[in-house]
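The values are calculated or read from the model by the stated rules, or taken from the named source; none is laboratory data. Because the structure is a prediction, the values reported are computed rather than measured. Neighbour counts run over all protein chains shown; Cβ positions are idealised from the backbone, glycine included. Accessible surface is based on the protein model in full, side chains and every heavy atom, while ligands, DNA and RNA are left aside. Shrake-Rupley method; radii C 1.70, N 1.55, O 1.52, S 1.80 Å.
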Amino acid sequence: MATIKLEIVSPTKVVYTTDVNMLIVRSTGGELGILPHHAPLITGLIPHAMRAKTDAGEQLIAVSGGFMEVQPDKITILASAAELPINIDINRAQKAYARAQERLEAFKTSAEKSKDIDSIRAQAAFDRAKARLKATKADIER
Ligand code: ATP
C-alpha cells in the first residue's frame, strides 16, 4: 500500500516518525484524512487523538494543538505537545480532566469579570485532557 512519511515534533523532541497509509486529524477547519500524494496544505490543529494508519495497524497520538504541513510525500506536525499512548500518564490526564470540568461547571454560575478568558483556558485544558484519554482509550465517550 502507498505510504507517506509522518513526522510529529513537539517543542522538545521528535515524538513520532513513521510511514503511514493515512493520517486522520482534526484541523481548525474540520476533520481531514491525509493520503499519500495529498495536495500541499498548511492548517492549524485542535486538541484531539490523531489516527495514523500504518501497515501494522492504527496508532493513536494525542496532540494538544499546533500546525500541520502536508507535502505530497511528507506530513509534518508541529505540536505544542504530543504524546504516544504509552507515554501518557492516565492518572494525570484524568485529574486534569476532572479539574477542568469542575472549573467549567463553576464558570456557568459565576458572575466574575475574568470568567470569559478563564473559561476559554479551562475548555482548552479539558480538550487536552480528553485527547489524552481518547488516545489511551481511557475516555468514557468516544
Ligand atoms: P496538566 O494540567 O496535567 O499539566 P496540561 O494539559 O496543562 O496538563 P500541557 O501544558 O499540554 O499539559 O503539557 C505540558 C507537558 O506535559 C508536555 O510536555 C506534555 O507532553 C506533558 N503532559 C501533559 N499531560 C500529560 C500526561 N497526562 N501524560 C504525559 N505527559 C503529559
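Taking only pairs six or more apart or across chains, which ones have beta-carbon atoms under 6 Å, a first residue in the stretch 76-105 that is hydroxyl-bearing (Ser, Thr, Tyr), and a second residue that is near the ligand (Cβ under 7 Å from one of its atoms)?
From the stretch 76-105, the pairs are SER80/SER64; TYR97/ALA129.
Does any residue of the stretch 8-25 turn out to be over 22 Å from ALA138 (Cβ atoms) and in contact (Cβ under 8 Å) with a residue 60 or more places away in the chain?
Yes; the residues of the stretch 8-25 include at least one that is over 22 Å from ALA138 (Cβ atoms) and in contact (Cβ under 8 Å) with a residue 60 or more places away in the chain.
Which strands (runs of 3 or more DSSP E) sit wholly inside the stretch 1-114 and have at least 3 residues that are under 13 Å from ARG132 (Cβ atoms) and either more than 12 Å from the chain's Cα centre (by Cα) or not charged (D, E, K, R) (or both)?
Correct list: 48-54, 57-63.
Just for the stretch 20-50: of the residues that are open to solvent by 70 Å² or more (accessible area, probe 1.4 Å) and not aliphatic (A, V, I, L, M), which one is nearest to ALA2 (Cα to Cα)?
HIS37
Taking the residues in the stretch 91-122 that are loosely packed, with under 15 Cβ neighbours inside 10 Å and modelled with pLDDT of 95 or more as candidates, determine which candidate is farthest from GLU58 (Cα to Cα).
Residue satisfying both the conditions and the ranking: ARG99.
So, THR54, is that one in contact with a Ser or Thr (Cβ under 8 Å, 6 or more places away or on another chain), under 30 Å from ALA2 (Cα atoms) and either open to solvent by less than 70 Å² (accessible area, probe 1.4 Å) or away from the ligand (no atom under 13 Å from the Cβ) (or both) or not?
It is true that THR54 is in contact with a Ser or Thr (Cβ under 8 Å, 6 or more places away or on another chain), under 30 Å from ALA2 (Cα atoms) and either open to solvent by less than 70 Å² (accessible area, probe 1.4 Å) or away from the ligand (no atom under 13 Å from the Cβ) (or both).
With the checklist (1) modelled with pLDDT under 95; (2) in the same structural domain as ILE34 (by TED's automatic domain parsing) in hand, flag the one item GLU141 doesn't pass.
So GLU141 meets the others, but not (2).
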